[in-house]
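Peer 1: Just passing along the structure, written as structure tokens.
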Amino acid sequence: MKEEITAAQMLDAFKQDAPGHVADTRWAHTHGLGVLGHFVASRVAGDFCIAEPFQGRSIPVTARFSNGSSDPVRHDERPDTRGLAVKFHLADAVDHDLLSMTLSVFGSTTRKDFLGVAKAFVPKPVQPESWLRQHVLDPLMLRSPPPPLPASVTISGGPGLAQYAGSHPFVRAFTIEAGLSQVPVSWARTEYHAVHTFIAVAPDGERRPVRFSWQPVDGVFPVPADQIAAKATDFLTAEMRARLARAPAQFTLKMAIGDPGDALNDPSQSWPVTRRSIDMGTLFIDRLAEERDVDVDRLSFNPMRLPAGLEASGDEILRARGEIYQLGCKERQGIGCPLHAHDGSAR
Ligand code: HEM
């Protein structure tokens, strides 16, 4: 019988490379900023999904922008995978969470793959002449291959992954996108992708495979490379404070609809950009959470906290994340950890 890899094993593997982690903080996306706002569905959203956020009522939200690193010290000026976690507060104190990141794919298909990838991340001596680096990353970054490193050099994260990607194709798209990560001028000037496939149930009962992304209404804008050195280490928080004092930050929620043959259970594969895409509504980020004393740092977001009418696909990674985030949240004594908690916390 096939032995199931548990969420606890996956979380343990994840912890093996969490630079700078401090007890009682998140194991990933540790530095972030809590914000409050509302979501307004588009006129057509309800034709494609019966879930409550898409019925037209303005839905209050609590959200958190974050940097992907496990280091609680702010490093806004470094290239990183940024996150946007949105909690829709629905009727009867039920919440729906939509978690997204700046990469459009993930680096594993199965729980087993994930353990291999996590191991590749652990600090180890690197071989800078890896296939992926020479043939893909260096040409894409328009840079000459760096001089060989001495054999004893130990680096965590990217280099180990690039080496691993040479022999594991499923992790290549993720590695390349991660390697090309930039520094956005604002958490409100970058796209975020929920990555996994969900099933949207329509009013006529039709069940469509869908993928969600947030597009910034003000457009995507990275910091020009020659200006990064002048950026303060916490500039994204200062920028958001100044931005929200002027006007709400806005994102459009796009929902791509999969065609037959598209990868439904595999978050390592993207869908063709030619897929139908529905504008499902607009997220308005109105104010910083601290203005209302909402402790978003302790709050739990969980990608399996779904409303009626929006279901998880068979994606193993998505389902494992449901358990992993619950475990991680309990460990750090977060609030609102159990799925579908009716405790109304952090509203
Ligand atoms: C097996 C794959 C993954 C693992 C093991 C993992 C692990 C984690 C952990 C342990 C946390 C901290 C949770 C907490 O303490 O509440 C976290 C946070 C987060 N993850 Fe993942 N993650 C995975 C995949 C992803 C993917 C595919 C995305 C994007 C779609 C993502 C986006 C985020 C975001 C945005 C947060 C911060 C949520 C917040 O602000 O509270 N993760 N992740």
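No lab work stands behind these numbers, since they all come straight from the coordinates. Note that the coordinates shown come from a computational prediction; the quantities given were computed from them, not determined experimentally. A quick note on method: Cβ atoms are made from the backbone with ideal geometry, for glycine too, and the neighbour counts reach across all protein chains shown.
Peer 1: Give me the three principal axis extents of the chain from the C-alpha atoms, as integers in angstrom, largest value leading.
Peer 2: Largest to smallest, the principal-axis extents are 60, 52, 41 Å.
Peer 1: If you don't mind, another one. Of the peptides 253-261, 275-283, how do they stack up when ordered by the mean number of other Cβ atoms within 10 Å, highest first? Before the final figure, lay out each step's value.
Peer 2: Working: 253-261: 16.3, 275-283: 18.4.
Sorting 253-261, 275-283 by mean packing, highest first, produces 275-283, 253-261.
Peer 1: Which of Lys112/Lys254; Lys15/Lys112; Lys87/Lys330; Lys87/Lys112 have a Cα-Cα distance over 24 Å?
Peer 2: Lys112/Lys254; Lys87/Lys112
Peer 1: Still on this structure: Give me, ordered by chain and number, the residues 5 or more places off Ile278 or on other chains with an amide H under 5 Å from its own placed amide H.
Peer 2: Those lying under 5 Å, H to H, from Ile278 are Met255, Ala256, Ile257.
Peer 1: Which of the trypsin sites (Lys or Arg not before Pro) found in segment 1-87 are loop residues per DSSP with 14 or fewer other Cβ atoms within 10 Å of their Cβ?
Peer 2: Within segment 1-87, the qualifying trypsin sites (Lys or Arg not before Pro) (loop, at most 14 other Cβ atoms within 10 Å) are Lys2, Arg43, Arg57.
Peer 1: Please check: in the Gaussian network model of the chain (C-alpha springs, under 10 Å), which one of Glu331, Glu177, Glu206 has the largest mean-square fluctuation.
Peer 2: Glu206
Peer 1: Which order, highest average first, do 98-105, 216-223 follow once you tally other Cβ atoms within 10 Å for each residue and take the mean per peptide?
Peer 2: Output ranking for 98-105, 216-223: 98-105, 216-223.
Peer 1: Given a Förster distance of 45 Å, report the FRET efficiency between Asp218 and Glu4 from their Cβ-Cβ distance, rounded to the nearest 0.05.
Peer 2: 0.50
Peer 1: Here is a further query. Can you give the percent of C-alpha pairs in segment 208-347 whose distance is more than 19 Å?
Peer 2: In whole percent, the share of Cα-Cα pairs in segment 208-347 beyond 19 Å is 68.
Peer 1: May I pose another question? Whole-Hz ³J(HN,Hα) for each residue in segment 74-87, computed from phi via Karplus 6.51 cos²θ - 1.76 cosθ + 1.60 with θ = phi - 60°, x for glycine and proline: what do you get?
Peer 2: Calculated HN-Hα couplings, in order: 5, 9, 4, 7, 9, x, 7, 8, 8, x, 9, 10, 10, 10 Hz.
Peer 1: For each cysteine in the chain, check whether another cysteine's C-beta sits under 4.7 Å from its C-beta; list those where none does.
Peer 2: Unpaired cysteines in the chain: Cys49.
Peer 1: Per DSSP helix of 4 or more residues, -39500 (n - 2.57); summed, then divided by the residues of the chain. What does that give at 222 nm, rounded to the nearest 500? Don't skip to the answer; put the middle values down first.
Peer 2: Working: 7 runs with 68 residues, N = 347.
My calculation for the chain gives -5500 deg cm²/dmol from helical runs alone.
Peer 1: What net charge do the residues around Asn302 carry, taking every other residue with its C-beta under 12 Å from that of Asn302, with Lys and Arg at +1 and Asp and Glu at -1? Spell out each step's value before the answer.
Peer 2: Working: positive: Lys87, Arg305, Arg319, Arg321, Lys330; negative: Asp95, Asp97, Glu323.
For residues surrounding Asn302, the net value is +2.
Peer 1: Let me ask something additional. Can you compute the modelled spin-label distance between Ile257 and Gln55, with each label point 7 Å from Cα toward Cβ, in nm?
Peer 2: For Ile257 paired with Gln55, the spin-label model returns 2.2 nm.
Peer 1: With labels modelled as points extended 7 Å from the Cα through the Cβ direction, what inter-label distance (nm, one decimal) is found for Arg276 paired with Arg292?
Peer 2: Here the modelled spin labels are 3.5 nm apart.
Peer 1: For Glu331 and Arg208, compute 0.36 nm times the residue count separating them, minus their Cα-Cα distance, and round to one decimal in nm.
Peer 2: Full extension of this stretch gives 40.7 nm more.
Peer 1: Any chance you could run the full-extension gain for Asp226 through Val73? It's 0.36 nm times the residue separation minus the Cα-Cα distance, nm to one decimal.
Peer 2: Residue separation times 0.36 nm, minus the Cα-Cα distance, leaves 52.7 nm.
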